[in-house]
Structure formats: C-alpha cells, structure tokens
Amino acid sequence: MMKQFNAKALGLKCLLIFTLFFSFCGNAKGVVSPFRISSPDNKLSVILTIKSGNLYYQIIKDSQKVLKDSRLGLIRDDGDFSENLTFLNADGVREVSDTYELLTIKRKINNYLANKKTFHFKNKDGHPMDIIFQVSNDGVAFRYYFPDSSSEVKHIIQEKTTYHFDMAAKAWMQPMSNAKSGWAKANPSYEEYYQKEIPVGTTSPIAAGWVYPALFHTGKNWVAVTESFPNGDYCVTRLKAESPDGEYSIGLPQSLEVFTNGILGPESKLPWYTPWRVIAIGSLKTIVESTLGTNIAQPAIVEKKVVTKPGISAWSWVLLGDDSTTFSVQKRFIDYAADMHWRYCLIDALWDTKIGYPKMKELADYARTKNVGLLLWYNSAGKWNETPQTPKDKLLTHESRLKEFGILKGMGVKGVKIDFFGGDGQSMIQYYIAILKDAADFGLLVNFHGTTLPRGLERTYPNLVTMEAIKGMEFATFSQANLDEQPMHCTTIPYTRNLFDPMDYTPMALNHVRNLKRATTSCFELALPIIFQSGITHIAETPEGMSTVPFYVKDFLKHLPESWDDIRFIQGYPGKLVVLARRSGKHWYIAGINGEHIAKTLDLDLSFIKRSSGSTMIVDGNQPLSFKKISVTFTNHTKVKVEPYGGFVIDAEQE
C-alpha cells in the first residue's frame, strides 16, 4: 500500500510540475502566471503577465502599486506583435553593471546596476519578438527587439505601450505643440509651460499630446517617464493627448515633423531594437538624483574623440537682441567673458551679414588672446519652417557641413548653436545625428535650439553640450505674462525637463529685463546657474548689469564651476520650492529658489558639509534687486529664510 501511495503521490507531483510549466510556457489563450523581475535591493519589482495572448506589466515599489496593468506590444505593417502572442521562454536574470564619465550632466562619475531579464515571444504568424527589462533601484527600463534578419525595411505603425496610473495620482506635464504652428511655423520646440499638479487623465490642451519627461505623484512614490534617443532607426515619441482611466499611451510624431521629403518613421531592417522606455521611481530625492536617463543611453560612438570642455558663456542676444550682433558689441562681450573668467562667448543670429566671416576670424583671434572660445549661431534651415535668420542653408547636406565646419575650424571657433529644427520624425532624428558626427570630426561642440528633448543623446555624442527644449529665459523678455510665470516655471523644470538631460535655459538676469517688471528677486536669478544643469551655461546678464552688483556676487560668479561631480536634493516640491546641493571638487554649492509669493523659513539638513568653521551665504537684500551676505552654520537644522519669489546661494569648501 505504501508503494502504491508513493507512486500516486509522485504522479500527482509530476502532474503539478507539468501544469506549472505549461502555465508559464504554454498557449496564447490562457492566463500565464506572472513573472517578477526585481531590483538589486529587492524594493522595486516589475510583474509581467500574459492574458489571452496580450502582454501586461505592473510595477510595485515597497509593496505599493506604482503602475496598474499596463499594455505592451507593437504593430508592424507586416504583423501584429500586441495580441495573440505565444510565450516561448525567458532568459535567466543577469546583472547589468556600468560605470561611465560624463561632464555635461548632474554627476561626473555614474554607476548603473540593474537586473536584466529577456522574454521571448512569437506572434500568430510565427515571427519572434523579445521584450527586455532592466530593473535598477531607481527605476525600470524596457525595450522591444526583433531578432529576425530581413533585407526589406519594416515599419512600425503603432506602439501599444501604456503607463496606467491610479486615478488619484497627480501629474506635472508639458503639452506638445502642433507641427508647423507658432512663429514662422517653427514648432514643435518643446516650449510650452508645464501644467502643474493636474489630475491624472487630464486631456492635453493641444492635440499633439504631452512631452517627456512627464512627472507623476502616486501614493508615496514619484514617477518620471521618458525614453532613450534612437540611433537613427526610430522616431522619438510622446504621450498621447488623452489618457482614459489614467492610462497614457505612446504617440508618434505628426506627419509634418520630417526633414524635407524625409521619412516619418519608425522604420528599419531587422534585427531591430526599439528605444528604451524609461520609468524613474522613488522619492523626490531619488528622482532628482537619478541618472537613469543617461544610464541606459548608448555609450559614446563618435569615431574621433572630441575634448568636451563644459563652461560658462557670455551672451548678448537674450537681453539686447539682434542689434547687439555687431563687431564692437561682441568684442565687449569677449572682454566681459574674460573678466568673469568664463570659457566662452556666444555670438548669435545674423553674424554672417552684420559682422561677416573675415571680421569674425578677427574676433576669434582676439578672443584667443583673452582665453575665450567663440560659439557661433546657425539656422538649421530646410522647408520645415519659415525662419529667416542667417546663416542658413549651410548645414543641410554632409558636403555643405564639411565645408562650413572646415571654415570654422580654420577660424578657431569652438562650437556651434544650431536652431529651428522641425520635429520628431525619424528623418529629423537622423539629421541631428549627422550634424553631431560631422561636428565631431572638426572638434566642434554642439548646442541644439528650437529642438527636441536630448533623451540621453549627450552620452552617445559627448560633443553635444546642451539642448534647449524649454521655454527659456528669452521668453521672459517677450511679455509680462511670461515674466510673471518664471517663479513657478523655474521651480518645476528641475523635476521635469532638466531631470536627466542638460538644458540651455540661458539663466540669470540680475537687474531689469527690458521694460518689464521682474517677478523674481535677484538672488532667485543668482541661484539658477546652480539649480539648472547645462554643459555650457549661457548667462543672460550683460556687462553693464554685472557692473552694478556687489563685489562678492561678481566673485561668486567668477568661480562658478564648469561641471559637477555630484548632486544632492535637499528639499522642495515641484512648482513651489527647489533646494539643491552640487559638488565640484571640495566645494559644495547650495542653491534654493522659492516659486511662491510667500516668505519661507526653511529647515535644511546641511550636516553633510564638514567644516571647522562657519561660512556665508548670499540672500536677497532689503531693497529690490539687491543682495546681502549673512553667516550660516552647517547642521541638520540649518535655518534659511527665503523671500517671496526669492532665493539664496552658498559656496562651502569641505575640510
């Protein structure tokens, strides 16, 4: 009897094992038991489920659901990879570890550690598709892979990926502008104001949708959603305008967002990787300090190494306009940059006609004697907009770029600012990459304006020092309404646009802004070059304005670091307050800005700054547009009073 019982028990055990195996690896119509992929610290997990051949994922952080069942899959023109899928198998969990150096983001040395798992599927026609997940302590990245080989080009006509939030969540999101709208049909340029703390599910006021990064607050967790930059074989995307039940879908570019007669995309031969979908998750401190957006970016691929030298730049145009693009004014701004110990001077639009190439060579030679490098503006040109500024039609082809970049190298120019791009289509993405490759061959740094979001492109092409993709300081000079929006706007973008990528906001007007009434205080403005991150920071203030500030303010700006070794989030809330600490060598620079029209007394933990004696900080003075210095002691309860729409800065050298 005992032998009979054991045989029956063994048979039941084998049946159970077979059933479990079948449930994981079986048919497309059943419910596949969920797979879990966890972060190295086991606090963050992705749960992948197959229900009737459809793919879903959830994200759990510290036992709290961050994303509800969210869709996965793609539809190609030759097959559907979102429904009726059959699970084949899954690779074992593999550790992914990476360390890299990058001078244009928030931290110089960056370490990435994640657990990776790849799932293999086939669609109803038998064609394979993989989904690759990487889960780190600060978030989740995933992408699709088509492992087949093909001689013909395949087209993706829809991406089914979604991000499904609880309806109680709140969002900070920037509407995507419609293609060929706005001045000179120059949109989209990622230059709308963020909508702040809106209910999840709110429809975008513009049909084109929402841009990345999108920030969400759900339960105890903050979530930032973005993507990686494709290597010319995909368009970049956005979130669709409508999100029923808090479920946000991937949207593709509008039909006009292309290089002249170029492809919209996405299209490629096989094999084919799609861009990473990136979801940073955790506290506000985790989100702000995360480098997940560049951790998953493709490492540098430029064939000729460019010595990337971040820095501060003088710039006349933002406050003085087109009339400042003259030989005499630019020579004065070169002197200004030299006096401030800044590395660069940017000369903006119309220099080719108002100064000319021969005189520009003279300016470049003069700048070299002052240890200042020149940066020159270009119009990206093309039929995608009606912008008239010159020089244009110089960069449209590989041949014309080689000619123009050769001239610049001969002059001794250090870099270019290229403006007025035409959208997010795949052909426009290829245009960005072609410019970066050609510029690298001539050792030129690149700054893109009127542009898309970098999405980690600065890691792949280190000669990319910054990109605009923000409603920056120039807009504050255009109208009183824009100037009034600055306090809330500036306290939102460190949590959104400037979260992972360098941003050319062109900050800091310490005095008057044309004929408008300033909303922010001078110390609010003084804090911005620390609050905002950019490979090259173009300072808005003029030599005349700088001459009016106290010597200690000018001295502070003379010694402002060109890049950062580390970052700490101290305190804040999107649209209301930002307090950040950035380290360069032994110096910690702490800066705070107040986005509300109320005075605040902050209780800051600055005990990480080890000093044997106290230091001073610069705060707003008693008169409008003024400063004062006061003593500060670094403890875990350092009290700092911040004026309405005001700010403060501290430079502290550690022991």
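Bear in mind these aren't lab numbers, they're just calculated from the coordinates by the rules spelled out. Everything numeric in this text was worked out from a predicted model, so none of it was measured. Cβ: placed from backbone, ideal geometry, glycine included. Neighbour counts: every protein chain shown.
Could you check the spin-label model distance between S400 and K517? Points 7 Å from the Cα along Cα→Cβ, value in nm.
The two pseudo-label positions are separated by 4.7 nm.
Can you give me the long-range amide H partners of E227? Hydrogens built in the peptide plane at 1.01 Å from N, cutoff under 5 Å, separation of 5 or more residues or another chain.
For E227, whose amide H was placed from the backbone, the distant partners under 5 Å are V278.
Can you give me the distance in nm between label points at R368 and M167, each placed 7 Å from the Cα along the Cα-to-Cβ direction?
If labels sit at R368 and M167, their model points lie 6.7 nm apart.
Quick one: which residues, 5+ away or cross-chain, put their amide H under 5 Å from the amide H of N54? H built at 1.01 Å from N.
N84, L85
So what's the gap between the Cα centers of region 434-483 and region 202-277, to the nearest angstrom?
So the two Cα centres are separated by 19 Å.
If each residue of separation counts as 0.36 nm, what is the full-extension length gain between T99 and F551 once their alpha-carbon separation is subtracted?
This chain segment gains 158.6 nm when fully extended.
Neighbouring Cβ atoms within 10 Å as the yardstick, rank T49, T274 fewest first.
Going from least to most buried by this count: T49, T274.
Can you tell me the 0 to 90 degree angle between the C-alpha axis of helix 2-25 and the longest principal axis of the chain, rounded to 10?
The angle comes out near 40 degrees.
Give the lysines reachable from K576 as a straight Cα distance under 17 Å; neighbours fewer than 8 places away on the same chain don't count.
K170, K196, K285, K600, K641
Local charge sum around E643 (other residues, Cβ-Cβ under 9 Å, Lys/Arg +1, Asp/Glu -1)?
Surrounding charge for E643 is +1.
Across region 472-655, what fraction of all alpha-carbon pairs, as a whole percent, falls in each successive 10 Å bin from zero upward?
9, 41, 39, 10, 1
Near the amide H of S181, under 5 Å away, which other amide H atoms are found, from residues 5 or more places off or on another chain, if H is placed in the peptide plane?
Excluding prolines and chain starts, which carry no amide H, the hits are N187.
Using a Förster radius of 51 Å, what is the FRET efficiency between S283 and D148 based on their Cβ-Cβ separation? Nearest 0.05, please.
0.75
Take each of the peptides 403-411, 213-221, 441-449, average the number of other beta-carbon atoms within 10 Å over its residues, and list them starting from the highest.
441-449, 213-221, 403-411
If a paramagnetic tag sat 7 Å from the Cα of H341 along the Cα-Cβ line, which residues of region 373-389 would have the backbone N under 18 Å from that point?
Residues passing the 18 Å test: 373.
Restricting to Cα pairs below 8 Å that are 6+ residues apart, what does the relative contact order work out to for region 58-208? Please round to a whole percent.
21 percent
Using the C-alpha atoms of the chain, what convex hull volume per residue, in cubic angstrom, is computed?
171 Å³
List, in order, the whole-Hz ³J(HN,Hα) value for each residue of region 478-489 obtained from phi through the Karplus relation with A = 6.51, B = -1.76, C = 1.60 and θ = phi - 60°; use x for Gly and Pro.
With the stated coefficients, region 478-489 comes to 8, 7, 5, 4, 5, 5, 5, 7, 4, x, 6, 5 Hz.
For a protection proxy built on the mean count of beta-carbon atoms within 10 angstrom, sort 318-324, 502-508 highest first, please.
Taking the mean over residues of other Cβ atoms within 10 Å, the ranking is 502-508, 318-324.
From the helices alone, meaning DSSP H stretches of at least four residues, give me the mean residue ellipticity at 222 nm for the chain, per-run term -39500 (n - 2.57), in deg cm²/dmol to the nearest 500.
The helix-only estimate for the chain comes to -6000 deg cm²/dmol at 222 nm.
How much length would be gained if the chain were fully extended between A207 and L88, taking 0.36 nm per residue of separation minus their Cα-Cα distance, in nm to one decimal?
38.9 nm
Modelled label-to-label distance, Y193 and K220, 7 Å Cα→beta-carbon offset: nm?
Taking the simple label geometry, Y193 and K220 are separated by 3.5 nm.
In which sequence would I435, I301, I598 go, from the one with the fewest C-beta neighbours within 10 Å to the one with the most?
If I rank by nearby Cβ atoms, fewest first, I get I598, I301, I435.
Using per-residue counts of other Cβ atoms within 10 Å, averaged over each peptide, order 287-300, 188-201 from highest down.
287-300, 188-201
What shape does region 73-190 have by the C-alpha gyration tensor, where a ≥ b ≥ c are the square roots of the eigenvalues, rounded means a/c under 1.5, and otherwise prolate means a/b greater than b/c and oblate the rest?
Note, shape of region 73-190 comes out oblate.
Tell me, in nm to one decimal, what length is gained between K269 and S626 on full extension, where the rule is 0.36 nm per residue of separation less the Cα-Cα distance?
Value of the extension gain: 122.5 nm.
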